[in-house]
Amino acid sequence: MHTQITAEQYDSWSAEQCAGIEVVDGMVVVAPSTSIRHNRLARLLANGLDLAAGPDWNADTDFDVRLQDVPLTNRRPDVVVYRADTIDIAPTRPEHVLLVVEVVSPGSETTDRIVKMDQYAKAGIAFYWRVEQAATGVPLVYTYVLDPATGSYRDGDVFTDVVKAAVPFEVEIDLGTL
């Protein structure tokens, strides 16, 4: 597909048509296939975040966040922490989202490290975590906090093995079970 699609066109597509793609500036982008390790890591993080978030927040995987309508930009973060009271509102918008997590895979390095980070910051999402799958097999979790004055993220903590963060809420997730 070499023409821009609109939000209305995308919203008319089935869930099957939307699976495995993102839309950037109106252009459909096929997401690279992920490994079992990648999927397990995202699930462990989502489960841990969901347990720690309390009743006001949910943490889930595999759904779109609509960053903008024109030109259409939908990203599908590996993990999204969003307001629980917006579970039935579609599309999920940045104002519903507290934290997004991207697990870097071969083929997504530049997108996850630079492009998505910039897009999430410009959309006003308060927290961004990037997970690197190191050659040692021990994941590294880089955390970032939005600086509203600059509209960009500033560095937070870096975790290995166990994520023990105080923001956006207290959470402890053992990634050693990977």
Conditions first: (1) surrounded by 13 or more Cβ atoms within 10 Å (Cβ to Cβ); (2) modelled with pLDDT of 95 or more. Leu51 passes all but one, so which condition is the exception?
(1)
Filtered residues of the stretch 1-39 (kept if in a helix (DSSP H, G or I) and within 15 Å of the chain's Cα centre (by Cα)):
His38, Asn39
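Restricting to the stretch 110-148, count the residues that are of a type outside the set (Gly, Ala, Ser), in a loop (DSSP other than H, G, I, E, B) and open to solvent by less than 40 Å² (accessible area, probe 1.4 Å).
Going through the stretch 110-148, the residues of a type outside the set (Gly, Ala, Ser) turn out to be 110-120, 122, 125, 127-133, 136, 138-148.
Imposing the further condition that a residue be in a loop (DSSP other than H, G, I, E, B) reduces the set to 125, 136, 138, 148.
Checking the rest, the ones that are also open to solvent by less than 40 Å² (accessible area, probe 1.4 Å) come to 125.
Residues meeting the conditions: 1.
Look at Pro55 and say whether it is in contact with a Gly (Cβ under 8 Å, 6 or more places away or on another chain) and not in a helix (DSSP H, G or I). Steps first, please.
Working: in contact with a Gly (Cβ under 8 Å, 6 or more places away or on another chain): no; not in a helix (DSSP H, G or I): yes.
So Pro55 does not fit the description; no.
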Which pairs turn up if I take residues in the stretch 1-21 that are closer than 13 Å to Val70 by Cβ and look for partners that are open to solvent by 100 Å² or more (accessible area, probe 1.4 Å) with beta carbon separation below 8 Å, at least 6 apart in sequence or on another chain?
Thr6/Val70; Ala7/Val70
Which one of these does Asp64 not meet: (1) open to solvent by 80 Å² or more (accessible area, probe 1.4 Å); (2) under 30 Å from Val138 (Cα atoms)?
(1)
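Here are some residues: Ala31, Ala46. Which one is within 16 Å of Val65 (Cβ to Cβ) and modelled with pLDDT under 95?
Ala31
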Scanning the stretch 67-76 for residues that are open to solvent by less than 30 Å² (accessible area, probe 1.4 Å) and charged (D, E, K, R) gives Arg75
By residue number, the members of the stretch 22-38 that are within 28 Å of Glu172 (Cα to Cα) and open to solvent by less than 80 Å² (accessible area, probe 1.4 Å) are Thr34, Ser35, His38
Does Val158 satisfy the condition of being open to solvent by less than 70 Å² (accessible area, probe 1.4 Å) and part of a strand (DSSP E or B)?
no
Contact list please: Cβ distance under 9 Å, first residue in the stretch 156-178 and on the phi > 0 side of the Ramachandran plot and touching a residue at least 12 places away in the same chain (Cβ under 8 Å), second residue surrounded by fewer than 14 Cβ atoms within 10 Å (Cβ to Cβ) and not charged (D, E, K, R), pairs at least six apart or on different chains.
Asp161/Val138; Asp161/Gly176
Of (1) under 15 Å from the mean Cα position of the chain (by Cα); (2) under 20 Å from Ala126 (Cα atoms); (3) not hydroxyl-bearing (Ser, Thr, Tyr), Ala52 fails just (1)
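A quick yes/no check of all residues on (1) closer than 30 Å to Glu172 by Cα; (2) in contact with a Leu (Cβ under 8 Å, 6 or more places away or on another chain); (3) among the β-branched types (Val, Ile, Thr):
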residue: Thr6; (1), (2), (3): no, yes, yes
residue: Tyr10; (1), (2), (3): no, yes, no
residue: Pro77; (1), (2), (3): yes, no, no
residue: Val80; (1), (2), (3): yes, yes, yes
residue: Ala84; (1), (2), (3): yes, no, no
residue: Ile87; (1), (2), (3): yes, no, yes
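The values are calculated or read from the model by the stated rules, or taken from the named source; none is laboratory data. Computed from a predicted structure; not experimentally measured. Reconstructed Cβ throughout: ideal geometry from the backbone, glycine too, with neighbour counts over all protein chains shown. Protein only, heavy atoms only, side chains kept; ligands, DNA and RNA dropped before computing areas. Shrake-Rupley method; radii C 1.70, N 1.55, O 1.52, S 1.80 Å.
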